[in-house]
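Peer 1: Below is the structure I would like to discuss, written out as structure tokens.
The values are calculated or read from the model by the stated rules, or taken from the named source; none is laboratory data. Keep in mind that what you see is a predicted model, and the values were worked out from it rather than measured. Because the Cβ atoms are built from the backbone with ideal geometry, glycine has one as well, and the counts that use them run over all protein chains shown. For accessibility, only protein heavy atoms count, side chains too; no ligands or nucleic acids. Shrake-Rupley method; radii C 1.70, N 1.55, O 1.52, S 1.80 Å.
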Amino acid sequence: MQKITVCDILREHGGEYIHKYNIKGVQKGIITLLSSCKTGALGSHYRQCDQCSHIDKAYNSCRNRHCPNCQQKDREEWLDKRMRELLPVGYYHLVFTLPHLMNDLCLQNKKEMYDILFKAASQTVLELSRDTKHLGAETGLITVLHTWGQNMREHPHLHCIMPAGGLSFDKTHWVHTQKGKDFFIHYKVLSKKFRGKFLDLLQRAYNKGELSFKGKLNSTGGKKNFTALLNTLYKKEWVVNIQKPFAHPEKVLEYLSRYIFRIAISDRRIEKVENGNVYFTVKDKKRKGVYRKLKLETDEFIHR
């Protein structure tokens, strides 16, 4: 049986979805391009074999950054550049996750909220690394934003890889982290600092009127309700996941590169489309990474 792809689903149901939900602008353009990928709609070209001179006709690809099929070259170029930046030391893999209470705020204020996320995470690590109680050195980060989970629901989090150490303040030698420790900063210290940094930057953005509170967020925009939201967020335990230094940080980069030049789901996870539903696999992290099947109506699948 022929494998179902994201482009197949958009080709079959995208036009109806655009009309039904009055989709416009960039989103309409993406659906149209992905629907047309490697079809006659984008034209064609001829290819000739170097060995036997056989000629065949091939349809042009869309080259859109969201297309699951078209970004292999860009992905490889990104990966190659990052590989050349790696140092000959172990690397930590950190994941900074925002509480779900902020999902709607992120959806309505993507630029502002994700800018704050990058700043809060990087300032947290860099400032704690400079502290002589922890490392006492200048370090660096490679950070990649993910905004979804396996089920394609909102799940904003930031992946970071950082070297196990840093450059001394006088720039004369490398300062190594202590061997045998999971991380040179206790995760609770990291988590509390990250929470404080993020919420301080969020309060500043609110005070400057940089945040939007439309629709269901309308009531949250009032000073009293916004302060109540901040108080609730201050009381929550924020999640910062830390993994020990990798002997081969290339593996982490290769993993991250798969998410930079594609949409929220790869074709290999789609099993079938049947009776107006899309069936696909999801890795359930709450069940130790066991894969389970998820069924969504076609419109909901495209929406996510």
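Peer 1: Label-point separation (nm) for H146 and K24, each offset 7 Å from Cα along Cα-to-Cβ?
Peer 2: 3.4 nm
Peer 1: Towards the positive end of the charge dipole of the stretch 1-157, with charges on Cβ (+1 Lys, Arg; -1 Asp, Glu), say which of N151, N109, V26 has the farthest Cα.
Peer 2: So the residue we want is V26.
Peer 1: Compute the distance in nm between two label points, each set 7 Å from the Cα along the Cα-to-Cβ direction, one at V290 and one at E76.
Peer 2: 3.9 nm
Peer 1: From the Cα gyration tensor of the stretch 107-225, with a ≥ b ≥ c the square roots of its eigenvalues, which class applies: rounded if a/c is under 1.5, or else prolate if a/b is larger than b/c, or else oblate?
Peer 2: prolate
Peer 1: A further question on this structure: Enter the accessible area per residue of the stretch 210-254 (Å², integer; probe 1.4 Å; all protein chains in place). All intermediate terms of the calculation are to be shown ahead of the outcome.
Peer 2: Values: 3070 Å² over 45 residues.
For the stretch 210-254, the solvent-accessible area averages 68 Å² per residue.
Peer 1: Does anyone have the angle between helix 72-85 and the longest principal axis of the chain? Alpha-carbon axes, 0 to 90°, nearest 10?
Peer 2: That works out to roughly 20 degrees.
Peer 1: Just the number, please: carbon plus sulfur as a percent of the accessible area of the chain, 1.4 Å probe, no ligands or DNA/RNA counted.
Peer 2: 50 percent
Peer 1: Grab the DSSP H runs of the chain that are 4 residues or longer, score each as -39,500 (n - 2.57), total them, divide by all residues and round the 222 nm result to the nearest 500 deg cm²/dmol.
Peer 2: Rounded to the nearest 500, the figure is -12500 deg cm²/dmol.
Peer 1: With angles folded into 0 to 90 degrees, how steeply does helix 187-207 sit against the dominant principal axis of the chain? Use alpha carbons for both and round to 10.
Peer 2: Between the helix axis and the principal axis of the chain, the angle is about 70 degrees.
Peer 1: Gain in length, V189 to K235, computed as 0.36 nm per residue apart minus the alpha-carbon separation, to one decimal in nm?
Peer 2: Working: separation 46, 0.36 × 46 = 16.56 nm, distance 1.48 nm.
Between V189 and K235, full extension yields an extra 15.1 nm.
Peer 1: Please calculate the 1.4 Å probe accessible area of C52, with all protein chains present, and give it to the nearest 10 Å².
Peer 2: Roughly 90 Å² of C52 is accessible to a 1.4 Å probe.
Peer 1: Let me ask you something else. How big is the charge dipole of the stretch 1-105 about its Cα centre, in debye rounded to the nearest 20, if each Lys and Arg gets +1 on its Cβ and each Asp and Glu gets -1 on its Cβ?
Peer 2: On the way: 15 positive and 11 negative charges, 42 e Å.
About 200 debye.
Peer 1: In debye to the nearest 20, how big a dipole does the stretch 103-230 give about its Cα centre with +1 on each Lys and Arg Cβ and -1 on each Asp and Glu Cβ? Mind showing how you got there, number by number?
Peer 2: On the way: 20 positive and 11 negative charges, 78 e Å.
With Lys and Arg at +1 and Asp and Glu at -1, about 380 debye.
Peer 1: Would you calculate the separation in nanometres between label points at N60 and K208, each defined as 7 Å from the Cα along the Cα-to-beta-carbon direction?
Peer 2: Distance between the two pseudo-spin positions: 4.2 nm.
Peer 1: Quick one: angle between helix 223-235 and the longest Cα principal axis of the chain, in degrees between 0 and 90, rounded to 10, please.
Peer 2: The two axes meet at around 80 degrees.
Peer 1: Taking the Cα centre as origin and putting +1 on Lys and Arg beta-carbons and -1 on Asp and Glu beta-carbons, what dipole magnitude results for the chain, to the nearest 20 debye?
Peer 2: For this selection, approximately 840 debye.
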